[in-house]
C-alpha cells in the first residue's frame, strides 16, 4: 500500500542506524582511550619531574610550555613573604610615587603597574631629564614591548658603563617578573642617588625552570638584591647633602650645640602639655611626641584614636611616625627625607633632619 511502512525496509533502516552508531561509538571509544593514554603519559612525566621540584613550589601549566633549552625564572613563594623583601618593595613603591607625584601616577603593585613600561618610562624621564620617543599609551602587547624595549635600551646604555650587571629584559619585565623589576628599580635608585634608605642584605630565592630533552628541570637560586649599607651609603640623601652631613662627618664636636638648640625649640612647645625632652633620638622614636608637637605647632588637637598613645610594637611606632609625617605635609612642609623606620630605629641623623625641618618652619611660632 502506498505510504505504508515496509517491514523489510524498516528492518534495513534499523540495521543501518545501528551500524552507524556502532561506528560512531567505536570512534568515541578510541578517542577516549587515546586521551587516557595521553593523560597517563603526562602523569608519568609529572611523576618523573616531581622529585626535581623544590618543596612547596607550584609550577603552573604555562611554565611547562617551554621550548627545548628554554628557561623560566619565578620568585619562590617563601621569599615573596620575606619581611625584608617586602620592606624593600615598599620603599621602592614609595620612592616612585614621590618622584611621579606631579604626574598624578600612583603605584600600588610593582608587578601590575610596571610591566607595560608606562611607569618605567615616566620614572626614567623624570630621573634623567631625558624625553624618550615612545607612544604615550599602548594597550597591545606588541606596543607595550616596543615601549619597554626603548626604555630598557636607554637604561642599559646609561648603566652598563658604570659596571651594572643587567638582570632584566623586555620579556622578564613584561611577564611581571618581580625580581627583575626590583633589580631594575634598585639600580635606578642607586645610580640616580635617590634620597631613600634601601634595606641592606636583601636576598631572595628564585625557582629556575629549564627544559632539557623534554624534561623540566628545576633549581633554587639565591639572588642578592641589595648588599651592605656601606656599598650604597652615597644613596642616602646624597641628592641633598645638608648641614647634618657636614656636622656629623666633619664637626661632631658641634653636635651637642645643635642638639641643645633643637631640644630648646621642642620643649618650648611641649612644655605647654607638661612634657619635656632630654634625648632627641630616643624620645621621638615612638612618634608620640612628634604627633603632639605638630598639633601644638599648627594649633589643633589630634584625636587619640588616630595614633597609639602608648605604642608597644615596632609596627605601632612606625604607624605613629608615618602619621606625624602626614601631619607635616598637611601643614605645607615637604615630605621628610627620612623613613619612619629610621626614626623608630633611633637613627640620629634622620631624627635631626625631621626636627630641624620643623625648627626652620616654626622657629618663630609662639
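The values are calculated or read from the model by the stated rules, or taken from the named source; none is laboratory data. Small disclaimer: the values here were computed from a predicted structure and weren't measured. Note that we place each Cβ from the backbone using ideal geometry, even for glycine, and neighbour counts take in every protein chain shown.
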Any hit, the stretch 193-203, residues being surrounded by fewer than 18 Cβ atoms within 10 Å (Cβ to Cβ), modelled with pLDDT of 85 or more and within 24 Å of residue 105 (Cβ to Cβ): no
Condition broken by residue 133, with the remaining ones in (1) modelled with pLDDT under 90; (2) assigned to a helix (DSSP H, G or I); (3) more than 25 Å from residue 75 (Cα to Cα) satisfied: (2)
Boolean, residue 189 is under 17 Å from residue 227 (Cα atoms) and not in a loop (DSSP other than H, G, I, E, B): yes
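Quick grid of which residues meet (1) within 32 Å of the chain's Cα centre (by Cα); (2) within 16 Å of residue 357 (Cβ to Cβ); (3) in a helix (DSSP H, G or I):
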{"residue": "266", "(1), (2), (3)": "no, yes, yes"}
{"residue": "272", "(1), (2), (3)": "no, no, yes"}
{"residue": "277", "(1), (2), (3)": "no, no, no"}
{"residue": "282", "(1), (2), (3)": "yes, no, yes"}
{"residue": "285", "(1), (2), (3)": "yes, no, no"}
{"residue": "289", "(1), (2), (3)": "yes, yes, yes"}
{"residue": "295", "(1), (2), (3)": "no, no, yes"}
Check on residue 133, surrounded by fewer than 15 Cβ atoms within 10 Å (Cβ to Cβ) and either in contact (Cβ under 8 Å) with a residue 60 or more places away in the chain or out of contact with any strand residue (DSSP E or B) (no Cβ under 7 Å at 6 or more places or on another chain) (or both): yes
So residue 171, is it surrounded by fewer than 20 Cβ atoms within 10 Å (Cβ to Cβ), under 26 Å from residue 71 (Cα atoms) and under 15 Å from the mean Cα position of the chain (by Cα): no
Test for residue 288: is it assigned by TED's automatic domain parsing to the domain that holds residue 355, buried (at least 16 other Cβ atoms within 10 Å of the Cβ), at pLDDT 90 or above and farther than 18 Å from residue 363 by Cβ: yes
First in the stretch 322-351 and at positive phi and not assigned by TED's automatic domain parsing to the domain that holds residue 97, second anywhere and crowded, with 20+ Cβ neighbours inside 10 Å and modelled with pLDDT of 85 or more, Cβ under 9 Å, 6 or more apart: 346/285
Of residues in the stretch 52-87 being modelled with pLDDT under 50 and not in a loop (DSSP other than H, G, I, E, B), the one farthest from residue 178 (Cα to Cα): 52
Set 336, 311: member being within 20 Å of residue 199 (Cβ to Cβ), under 32 Å from the mean Cα position of the chain (by Cα) and assigned to a loop (DSSP other than H, G, I, E, B): 336
All positions within the stretch 101-120 that are touching a residue at least 24 places away in the same chain (Cβ under 8 Å) and in contact with a helix residue (DSSP H, G or I) (Cβ under 9 Å, 6 or more places away or on another chain): 110, 111, 114, 115, 116, 117, 118, 120
